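Please read the structure below before turning to the comments.
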Amino acid sequence: MDASLAHLDRLLNEGDLDGLLRLVDDACETTSWEILEQIATRSRLAADRGHQLWPAADHAEHRLALEAPAPFAAAAVIRDATTFGVAPLAEVAASSHTWAELGPHLPVGAGPLRALVAHERVARGEDLVDLELAEDPMGLPLRLAKWEPVSDGPVIGPYAVDDPMPNSGPLSPLTPPDAGRPLTGPKVDRAREALRDLVSTWTDQSRGTAMSVAIVGTGPQAARAASQTSNINLRRLDPDEAIGLLAWAGASAGAHGRRRDAARGRFEAWWCAAALSGLDEPTDNWPPDSDELGLAVAELRWWRWEDVEHPTGWFLGIAVEDPLDGLSWALAANDHLV
């Protein structure tokens, strides 16, 4: 028996989690991908013998998706077995492999996972407009629109994801004259909900809070309505900056949640922009026309804002103004590091 397999057998029989994690590192260093795949699949089965070795299985799957050649990476995506990985395996594999590498190993039978990998590559700027997908839960164009910013996505490493909040740039102080007049109604309420949905991971899986408002008034007035004080700092955003910020928020894990992925972030940005523009109805006509949505995004006015004495931890403030209708929305989301 191969010495590495014999060593793996012993670690599994003994339930030695630390030893398995060291073996994962050794397998990656020596490019022993077959051994790494054995760790991924067999560690999970150890639960039948009373050993909780799923952390080794999750870590091995992550390293396969990130570092192994495309056949092994795609197989990890198809197994889709991780429980608490640092990022979805479709995103992990797409961060380090092209579609030309992964596609041949993701058959039509892989279903939505095949589509998710494709959308992950598109979110990173790859043009797959000629690709046909049998099952596509996203439904977005397989090429970035001209108004969407190109992003390399987060830096996914062996042990963590580096995805800091986009730099806000210099914000200037402003005291709006008032907070505008609160407004409700089907359109404005859908837009408020879409803004909150951007950070649902912060509120559902972490320790965050989020609120959104809709007013008759300007974007700065909406920001004041959502703020904790009457004094705010803010900066006007270009449309591509705003869409990039929406996409980042839609993918983000917050301080303690589990990251969604870049493809989901792009979907949430489209959904939110469509709701703010009134292009989300009817819902059976998804997605809206790309050029029409791009024009609507450009007609809106966007701001990044925060309180002068901004909360500790993670804070995201977005304000959006529809100057044609005199309506504005704002999001205030905060997540706590401890």
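Yes/no matrix, rows are residues, columns are (1) at pLDDT below 95; (2) more than 26 Å from Asp162 (Cα to Cα):
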| position | (1), (2) |
| --- | --- |
| Ala81 | yes, no |
| Leu89 | no, no |
| Val92 | no, no |
| Ser96 | no, no |
| Pro104 | no, yes |
| Ala115 | no, no |
| Glu135 | yes, yes |
| Met138 | yes, no |
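If only one of Gly15, Gly50 is exposed (fewer than 13 other Cβ atoms within 10 Å of the Cβ), at pLDDT below 95 and over 19 Å from Val86 (Cα atoms), which one is it?
Among Gly15, Gly50, only Gly50 is exposed (fewer than 13 other Cβ atoms within 10 Å of the Cβ), at pLDDT below 95 and over 19 Å from Val86 (Cα atoms).
Would you check if Leu8 is buried (at least 20 other Cβ atoms within 10 Å of the Cβ) and either of a type outside the set (Gly, Ala, Ser) or in contact with a Ser or Thr (Cβ under 6 Å, 6 or more places away or on another chain) (or both)?
yes
Being of a type in the set (Gly, Ala, Ser), buried (at least 19 other Cβ atoms within 10 Å of the Cβ) and without any contact (Cβ under 8 Å) to a residue 60 or more places away in the chain is the filter here; which residues of the stretch 168-199 pass it?
Ala179
Please list, ordered by first then second residue, the pairs with beta carbon atoms under 7 Å, 6 or more apart or interchain, first in the stretch 140-151 and more than 15 Å from Pro287 (Cα to Cα), second in a loop (DSSP other than H, G, I, E, B) and among the basic types (Lys, Arg).
Within 7 Å, the pairs are Ser151/Arg124.
The values are calculated or read from the model by the stated rules, or taken from the named source; none is laboratory data. Values in this document were obtained by computation on a predicted structure and should not be read as measured data. As a convention, Cβ positions derive from the backbone with ideal geometry for all residues, glycine included, and neighbour counts pool all protein chains shown.
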